[in-house]
Amino acid sequence: MSNGAERLRRELMIRFVREFKNGTLEKNIDRIPFAIRPAQSASSRCCIYHDRAVLKYRLMTMLGFDCGDDGCEERPLSGYLEEAQSSDLRPSQPLTVSAAGCDGCPESRINVTTNCRGCFARPCVFSCPKQAISVEDHHAKVDYSKCIKCGKCLQVCPFNAIIKTKVPCEDACPVGAIRKDGTGHASIDFDKCIYCGKCFAKCPFGAVMERSELYRVMRHIRDGRKVVALVAPSAQFQFPGGIGKLFSAIAAVGFADVIEVALGAELTTENEAKEFVERLRKGEKLMTTSCCTAYVELVRKHAQELQSCVSSTPSPMRYAGMLARDKHPDALTVFIGPCIAKRFEAFQSENIDMAMSFEELGSLLAGWGVDIMSQPEWPMPRPAIATARNFAKSCGVTDAVLTELLGENSDLKLDSKFINGIDAKTALQLKLYAKGKLPGNFLEVMSCPGGCVGGPCSLVR
Amino acid sequence: MQDKIKLEICCGTTCYMLGAAELMTIEDTLPDAWKDRVDVFAIPCMDLCTREDIGRAPFVRIDGEVMGNATLETVHRALSKLLPIEPEEV
Ligand code: FES
């Protein structure tokens, strides 16, 4: 457990699932915030009333709603539950920011603390490229009309007296998509957002929330629909007992079948290798992977010049969706992974009907009372090959493509490069790749450091 | 040779989700002097998560004694009461 926000989120999700399973959700949903923060209990925020309000918004997002919805303050959760039940709509976006949860953190800026001794050497004054620092009354002062927040003064101060306050969500976003709105609260600009989930993982107030499809998944199972789970390769590192037990646990909730997305990764590898050879033979200089949705969105929204280099081979999730449709034409498909961007990709994939995170899966199993460790091994019809299962690790994709390629085309030379984690710096690096200024003819890009295993919704990082 | 301390970490799904995944790394955090004095086991759900409140998960058992709200720190503290050697800074 890395922090309290994460813990409370999971606890709430488990309770939500339990109430659903027991058939008491309709009756109790409005009381859940009160059960978690009863009168006179300790609060995590300023008071229990604030805590309860945020819990309410979080429950709204678990039902799939946007917590910035008009009139949500007066409308009880039971009203939202009724709507979720009758409409069965997919959320329009995977993320939302709760204004009640957002602390409206102070603007990022350089601050001089009382550690400043107004020293004689004044390296801060000398290192500042904008002459923004002066010393008055034995204390350094920043002229904010000049300061560009470069942080040079921080590094040179012998007393560590200068600090840079950050807005954690803005700081985490590689593309400047999350900003304060007029009220000082964070809001996401979805024309820019690449769904990498870094703001979600970094907000210390847990104010960035996922709009979940957990309720949709559960209600379809309860209503007797055939629902098939497609589990991303990184699951093998995420749950106790290995994927054999995990798959049995998933089936125990009522899923009709469980399919490894790594089987889809096998097809991605095969076809991506073919595409790469074709492109090289045509004289193209560079191809990049396309399995990471956040990267694909980064190119689409911020680096158009790279668009023609992005592989057009479908992602493992999409192939797995096709496999599942073939095998179970009458079933609804649910992709389960560590990723927020895949939720977005799932919205656009005709063969993926719903998407869920590992955190939601874990909460679903916990709330349903399914103990993974005591499950029998799942009879895998055919386990995916090791290279496909490794898709989840950075360099896994390249590894798989490389192995495939070295077979026949010994005259072609593969020069593979990786971008392991997207941030503001790597976003610039990509522009250089587009201009042909960097070496390499095969570029693997993963938004999360370490690959999917480091995803924003993974359980173990 | 003294008896080893038996540390059982509940890796039932609820405990796992609420912190046991992290507790499983405890072996790497034990001071060297304790390493061969503690046996760590991952065990299935002890059913405490349904009988007691899930607010108290994750649960561990140290030589048979149940402890709720377990974190690396609280488990270290509990072990230090049973083991004579002072742990180094963790
Ligand atoms: S999961 Fe630990 S007691 Fe049930």
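Since every read-out is calculated from the coordinates, none of them should be taken as a lab result. Everything quoted here is computed from the prediction, not taken from an experiment. Here the Cβ positions follow ideal geometry from the backbone for every residue, glycine too, while neighbour counts run over all protein chains shown.
The residue among A:ALA186, A:VAL175, A:CYS157 whose Cα reaches farthest toward the positive pole of the charge dipole of the range A:118-196, with charges on the beta-carbon of Lys, Arg, Asp and Glu, is A:CYS157.
Okay, helix-only estimate at 222 nm for chain B: each DSSP H run of n ≥ 4 adds -39500 (n - 2.57), divide by all residues, round to 500 deg cm²/dmol; what do you get?
Numbers: 3 runs with 19 residues, N = 90.
Dividing the helical sum by the residues of chain B leaves -5000 deg cm²/dmol.
For A:VAL97, what is the net charge nearby, where nearby means another residue's Cβ is under 10 Å from its Cβ and Lys, Arg count +1, Asp, Glu -1? The partial results should precede the final answer.
On the way: positive: none; negative: A:ASP66, A:ASP181.
Result for the neighbourhood of A:VAL97: -2.
Estimated from helical segments only, the mean residue ellipticity of chain A at 222 nm is -11500 deg cm²/dmol, where each DSSP H run of four or more residues counts as -39500 (n - 2.57).
Tell me the net charge near A:VAL167. Cut-off is 14 Å between Cβ atoms, A:VAL167 excluded, with +1 for each Lys or Arg and -1 for each Asp or Glu. Show your work: numbers first, answer last.
Working: positive: A:ARG109, A:LYS149, A:LYS164, A:LYS166, A:ARG179, A:LYS180, A:LYS198, A:LYS202; negative: A:ASP103, A:GLU107, A:GLU170, A:ASP171, A:ASP181.
After counting each charged neighbour, the total is +3.
For the pair A:SER127 and A:GLU275, label points projected 7 Å from Cα toward Cβ lie 4.6 nm apart.
Classify the range A:359-461 as rounded, prolate or oblate, taking a ≥ b ≥ c as the square roots of the eigenvalues of its Cα gyration tensor: rounded when a/c is under 1.5, otherwise prolate if a/b is larger than b/c and oblate if not.
On the way: a/c = 5.16, a/b = 1.60, b/c = 3.23.
Judged from the Cα gyration tensor, the range A:359-461 comes out oblate (a/c at least 1.5, b/c at or above a/b).
With contacts taken as Cα pairs under 8 Å and at least 6 residues apart, the range A:391-461 reaches a relative contact order of 41 percent. Considering only Cα atoms, the convex hull volume of the range A:217-454 works out to 120 Å³ per residue.
Relative contact order of chain A: 17 percent, from C-alpha pairs under 8 Å at least 6 residues apart in sequence.
Rounded, prolate or oblate: which one fits the range A:109-165, using the alpha carbon gyration tensor with axes a ≥ b ≥ c (rounded when a/c is under 1.5, else prolate when a/b beats b/c, else oblate)? It would help to have the intermediate numbers written out before the result.
Values: a/c = 1.39, a/b = 1.28, b/c = 1.09.
Note, shape of the range A:109-165 comes out rounded.
Counting Cα-Cα pairs of the protein assembly as shown in 10 Å increments starting at 0 gives whole-percent bin shares of 3, 16, 23, 25, 19, 11, 3, 0. Across the options B:VAL60, B:CYS45, B:THR29, the greatest Cα extent toward the positive end of the charge dipole of the range B:5-89 (unit charges at beta carbon of Lys, Arg, Asp, Glu) belongs to B:CYS45. The average projected area of the range A:304-413, computed from the convex hull of its Cα atoms over all directions, is 10.2 nm².
Taking the Cα centre of the range A:109-165 as origin, work out the dipole magnitude from +1 charges on Lys and Arg Cβ and -1 charges on Asp and Glu Cβ, in debye rounded to 20. Let's see the in-between values first.
Details: 9 positive and 3 negative charges, 47 e Å.
Value, rounded to 20: 220 debye.
Projecting the Cα atoms of A:ALA262, A:ILE29, A:ILE148 onto the charge dipole of chain A, computed from C-beta unit charges around the Cα centre, puts A:ILE148 farthest toward the positive end.
Over the range A:41-153, all Cα pairs binned in 5 Å intervals from 0 give whole-percent P(r) values of 2, 10, 15, 13, 9, 6, 6, 9, 9, 9, 6, 4, 2, 1, 0, listed from short to long. For the range B:5-89, averaging the sequence separation of C-alpha pairs within contact (under 8 Å, six or more residues apart) and dividing by the residue count gives a relative contact order of 38 percent.
Output the Kirkwood hydrodynamic radius of the range B:5-89, Cα pairs only, in Å rounded to one decimal. Write down the numbers at each step before the final one.
On the way: mean 1/r = 0.0781 Å⁻¹.
By the Kirkwood definition, the hydrodynamic radius is 12.8 Å.
Each Lys and Arg Cβ is given +1 and each Asp and Glu Cβ -1; about its Cα centre, the protein assembly as shown then shows a dipole of about 1320 debye.
Sites counted here are GluC sites (Glu not before Pro) in a DSSP loop (not H, G, I, E or B) having no more than 15 other Cβ atoms within 10 Å; the longest part of chain A that contains none of them is A:108-283.
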